[in-house]
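The values are calculated or read from the model by the stated rules, or taken from the named source; none is laboratory data. Please read all numbers here as calculations on a predicted model, not as lab measurements. Cβ placement follows ideal geometry from the backbone for every residue including glycine, while neighbour counts extend to all protein chains displayed. Ligands, DNA and RNA are stripped out before the accessible areas are found, and what is left, the full protein with its side chains, is counted by its heavy atoms. Shrake-Rupley method; radii C 1.70, N 1.55, O 1.52, S 1.80 Å.
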Amino acid sequence: MAQATGYEHTGDSHAGHSHGLTHNDSLQGVSTARLICAILLNQLLTVGQVVAGIYSGSVALLSDAAHNFNDANALLIAYIARRISRKQANKRFTFGYRRAEMIGALINLTLLAIVGLYLVYEGITRFFEPEHVIGSVMAYSAILALVVDVGSALLLWPRSKGSLNIRAAFFHNIVDALASIAVLVGAGAILWLGWDWVDPLITLLISGYILWQVYKMLPQAMRMLMEGTPADIDVSALMERIEENEDVVEIHHLHLWELDEEHRALETHVVIRKENAEQMEVIKQQIKKLVADEFKIKHTTLEFEFDGDEKKQCHDTQVIAEH
């Protein structure tokens, strides 16, 4: 195996070593009070829309109520995931609990897909079995829903770009706000033109947008949970940049993955010449700085080997090898 090994993790010092996985609250821009407030707003709105939907006969309102109920659940999951992700790393989970957010995001997006498919079913059914809709009740409910949806989205906005879990919940509210506008327009068409068919049409438009958002975000959550390579990193380009170092003969046994949206990790074997043994620490620091600056990889584990020393080299020289 390797003649010399150098393990290094960029970040803060800890027990003589450094690492890039010191706890960083990725949701610090969204307070607990904001999350709880958004949950309560969406739950109350759900009750109001169900009552209004049944009374008015609007499937669009009932569908939007189901979506709002899902929003409340999504926010509740986000809150639970946030509490779990704040726990410190321990012997059972040495990387900490950051992946709790990814699990929460996956649950949110799965629920969103179910709601979207349900809305498609309801919309198509109403085309074949139309019902009269009370446009005025539909309009007032849509206005109330719009106010709540915008308010909830504003509560989540500060960290919607920094967390997939919060972004999934944020998009729930954005979709709801757009849906409320569509319902309001539809209510006007029913009131002034008598177009009851607008109600299921709006339902189908809402469901289409929901399913499109799921289609875009679900692969990202799945890739992180499967420890996939970050989407914006070309592994070949990464290897080429490291091997451009004149002291590096080659690299192999490479593993690159995302811990969460903010933390990436790299481990690889680095082959250098025996005569450069004394420069090992310098080479190590050069590689770490390179991958941190150009590829945003803060957690790096490097195992060094000497070129030509077959007895001391790793026998698995594949670039992408089983771990």
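Yes/no matrix, rows are residues, columns are (1) open to solvent by 20 Å² or more (accessible area, probe 1.4 Å); (2) modelled with pLDDT of 70 or more; (3) among the aromatic types (Phe, Trp, Tyr):
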| site | (1), (2), (3) |
| --- | --- |
| TYR121 | yes, yes, yes |
| THR125 | yes, yes, no |
| VAL133 | no, yes, no |
| ALA142 | no, yes, no |
| ALA145 | no, yes, no |
| VAL150 | yes, yes, no |
| PRO158 | yes, no, no |
| SER163 | no, no, no |
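Residue-wise test of (1) aliphatic (A, V, I, L, M); (2) closer than 30 Å to LEU144 by Cα.
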{"residue": "ILE202", "(1), (2)": "yes, yes"}
{"residue": "TRP212", "(1), (2)": "no, yes"}
{"residue": "ALA237", "(1), (2)": "yes, no"}
{"residue": "GLU246", "(1), (2)": "no, no"}
{"residue": "ALA277", "(1), (2)": "yes, no"}
{"residue": "ILE283", "(1), (2)": "yes, no"}
{"residue": "GLN286", "(1), (2)": "no, no"}
Segment 93-112: number of residues that are more than 15 Å from the chain's Cα centre (by Cα) and surrounded by fewer than 17 Cβ atoms within 10 Å (Cβ to Cβ): 3
Flag if ILE210 is assigned to a helix (DSSP H, G or I), among the β-branched types (Val, Ile, Thr) and open to solvent by 10 Å² or more (accessible area, probe 1.4 Å): no
Filter result for GLU227 (within 21 Å of the chain's Cα centre (by Cα) and either assigned to a loop (DSSP other than H, G, I, E, B) or β-branched (Val, Ile, Thr) (or both)): yes
Test for ASP260: is it among the acidic types (Asp, Glu) and surrounded by fewer than 20 Cβ atoms within 10 Å (Cβ to Cβ): no
Filtered residues of segment 85-107 (kept if of a type outside the set (A, V, I, L, M) and not in a loop (DSSP other than H, G, I, E, B)): SER85, ARG99, GLU101, GLY104
Matching residues, segment 189-207, being open to solvent by 10 Å² or more (accessible area, probe 1.4 Å) and under 15 Å from ILE134 (Cα atoms): ALA189, ILE190, LEU191, TRP192, LEU193, GLY194, TRP195, ASP196, TRP197, VAL198
